[in-house]
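The values are calculated or read from the model by the stated rules, or taken from the named source; none is laboratory data. Being a predicted model, the structure only gives us computed values, none of them experimental. Glycine also receives a Cβ, built like all others from the backbone with ideal geometry; neighbour counts cover every protein chain displayed.
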Amino acid sequence: MYKAVEAVLRRRADWYKTKSSLHFHLLLAERWRVPYARLGRDTTLRQAVNHQRGSKHITVKGLMVKSLRAHFGRSGAHDLIPETFLLVPGEPDEAPERVGLLAAAPAEAWICKPTTGAGGRGIEITRTPEEAIAAVDASAAEEARAASSENEQVSKDGCRLRVVRDRRFVLKPRAPPAWLVQRYVHRPMLIDGRKFDVRAFVLVTHDRRVLWYEDWIARVCSSPFNMSDIGDRVAHITNHCVQVRAEDYGAREEGNELFAADIRAYLEHKLGESAGRDAFERIVAKMRHAARAVVTSAADAMVRDEAFDSFQVLGYDFMADEDGDVWLLEVNGSPAAAERMTPEIAQDIVELAIDPLYPRGDGALPGDALESGRWTDITDEPYQRWRTSDEQELGT
């Protein structure tokens, strides 16, 4: 997406690309390689960067869960996300999160995700909490095997070693990454009998406005949904990285992607025009509501820096169920958009996030990203719980 933003700026006469690492206005950096210490050193100009400092508190799965719990309480967090437990491989059986998982109300299935994973890697679906715990603990051994294939070894006393030209170097101790074990979304909403999730886009500007992009992507599974076969990854895991391996990937929709208008049309066909429109609007309202709540939960961590400005596009992954309820799955700190959407989003990012910091010098008028309805300012939308703790305890 930020490559497209760069392309927009390079087409304009008032911007040019510089090789200077200190003297610049705007830095478009990779997600995990933002040199925050370098920003603000040049006091002759105001600098900006395309990532919010502290955004990892919502873009790393485990930290997002902790942020939501800290801000809204455990039951309040489960208004937004499926019932979730944070497990560390190899921790004692009496660890509170393990005890809580074993005592949880029965579920059709539990889905296990590494907090540092992406693209569907490492995801396991199990029937019982005990199976989920076993899958998490097994990940430590798998990580050790993966490390050994990358010139790393583990000594008898548990130290990590890197092997370079037959010499062994002791690496710093590294705690095993936490895993999320979540209640599988009960009766997910289906399209043509197939499961889907939604990738929605939010722009957080330098002055902490929260803007919602009104179009979004529905990423559809290749195989029909079948709860009796939880081992069929292309029927249960919507990530593109998983779906592209399916034999019939792209057979029904280009890239297994539908869009907001397609979901609205599906609901209107299924429920009738009026009821379908109302159901669609409720789903969108709940997604917007959750998007705003997540940013609120990390407000203390995403403190505005006095030395420079920052903005960021966030990709929210949601799943709706057959009752029209909406569940937040995760937030991506550097999301990709569908090819048809990217140029327009990039143009709007420049208008909404960059031009306010650096007014155009070419005399051109600002665009109409907000006025046209492509984006909606949800900064001041109030937070209200839409699920009660009693309902959540029952898993409904």
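For this structure, a couple of remarks:
- Ser274 meets each of the listed conditions (1) within 30 Å of Thr44 (Cα to Cα); (2) at pLDDT 95 or above apart from (1).
- Residues in the stretch 44-65 that are surrounded by fewer than 18 Cβ atoms within 10 Å (Cβ to Cβ) and touching a strand residue (DSSP E or B) at 6+ places or on another chain (Cβ under 8 Å) were compared, and the one that is nearest to Asn332 (Cα to Cα) is Arg53.
- The one condition in (1) crowded, with 19+ Cβ neighbours inside 10 Å; (2) over 23 Å from Ala4 (Cα atoms); (3) not polar (S, T, N, Q) that Ala346 fails to fulfil: (2)
- Evaluated against (1) over 22 Å from the mean Cα position of the chain (by Cα); (2) of a type outside the set (Val, Ile, Thr); (3) modelled with pLDDT under 95, Ala7 falls short on exactly one condition, (3).
- Residue check, Asp377 in contact (Cβ under 8 Å) with a residue 24 or more places away in the chain, over 23 Å from the mean Cα position of the chain (by Cα) and surrounded by fewer than 16 Cβ atoms within 10 Å (Cβ to Cβ): no
- When residues in the stretch 81-106 are screened for being modelled with pLDDT of 95 or more and either buried (at least 20 other Cβ atoms within 10 Å of the Cβ) or in contact with a Cys (Cβ under 9 Å, 6 or more places away or on another chain) (or both), 9 of them pass.
- Listing of strands (runs of 3 or more DSSP E) fully contained in the stretch 23-134 that carry 1 or more residues being over 28 Å from Ala293 (Cβ atoms) and touching a residue at least 40 places away in the same chain (Cβ under 8 Å): 124-126
- Hey, Trp179 modelled with pLDDT of 75 or more, outside the structural domain of Phe311 (by TED's automatic domain parsing) and among the aromatic types (Phe, Trp, Tyr) or not: yes
- Residues satisfying the stated conditions in the stretch 212-231, i.e. buried (at least 17 other Cβ atoms within 10 Å of the Cβ), over 20 Å from the mean Cα position of the chain (by Cα) and either over 14 Å from Gly193 (Cα atoms) or not assigned by TED's automatic domain parsing to the domain that holds Arg277 (or both): Ile230
- Inspection of the stretch 239-256 finds no residue satisfying the criterion of being closer than 30 Å to Leu68 by Cβ, surrounded by fewer than 21 Cβ atoms within 10 Å (Cβ to Cβ), over 15 Å from the mean Cα position of the chain (by Cα) and small (Gly, Ala, Ser).
- Selection within the stretch 257-301 - under 24 Å from Gly193 (Cβ atoms), of a type in the set (Gly, Ala, Ser) and crowded, with 18+ Cβ neighbours inside 10 Å: Ala260, Gly276, Ala279
- Any chance Arg33 is basic (Lys, Arg) and in contact with a Leu (Cβ under 8 Å, 6 or more places away or on another chain): no
- Per the conditions (1) out of contact with any strand residue (DSSP E or B) (no Cβ under 9 Å at 6 or more places or on another chain); (2) at pLDDT 85 or above, the sole criterion not satisfied by Trp32 is (2).
One line per residue, one yes/no per condition, for (1) of a type in the set (A, V, I, L, M, F, W, C); (2) outside any helix (DSSP H, G or I); (3) closer than 26 Å to Trp32 by Cβ; (4) in the same structural domain as Phe196 (by TED's automatic domain parsing):
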{"residue": "Tyr316", "(1), (2), (3), (4)": "no, yes, yes, yes"}
{"residue": "Met319", "(1), (2), (3), (4)": "yes, yes, no, yes"}
{"residue": "Leu328", "(1), (2), (3), (4)": "yes, yes, yes, yes"}
{"residue": "Glu339", "(1), (2), (3), (4)": "no, yes, yes, yes"}
{"residue": "Ile345", "(1), (2), (3), (4)": "yes, no, yes, yes"}
{"residue": "Ile349", "(1), (2), (3), (4)": "yes, no, yes, yes"}
{"residue": "Arg360", "(1), (2), (3), (4)": "no, yes, no, yes"}
{"residue": "Leu365", "(1), (2), (3), (4)": "yes, yes, no, yes"}
{"residue": "Leu370", "(1), (2), (3), (4)": "yes, yes, no, yes"}
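- Residue tally, condition at pLDDT 95 or above and either acidic (Asp, Glu) or surrounded by 21 or more Cβ atoms within 10 Å (Cβ to Cβ) (or both), over the stretch 331-343: 1
- Residue count, the stretch 66-80 (criterion: aliphatic (A, V, I, L, M) and surrounded by fewer than 23 Cβ atoms within 10 Å (Cβ to Cβ)): 1
- All of Gln312, Gln347 fail the test of being under 20 Å from Gly54 (Cα atoms), at pLDDT 95 or above and of a type in the set (S, T, N, Q), apart from Gln312.
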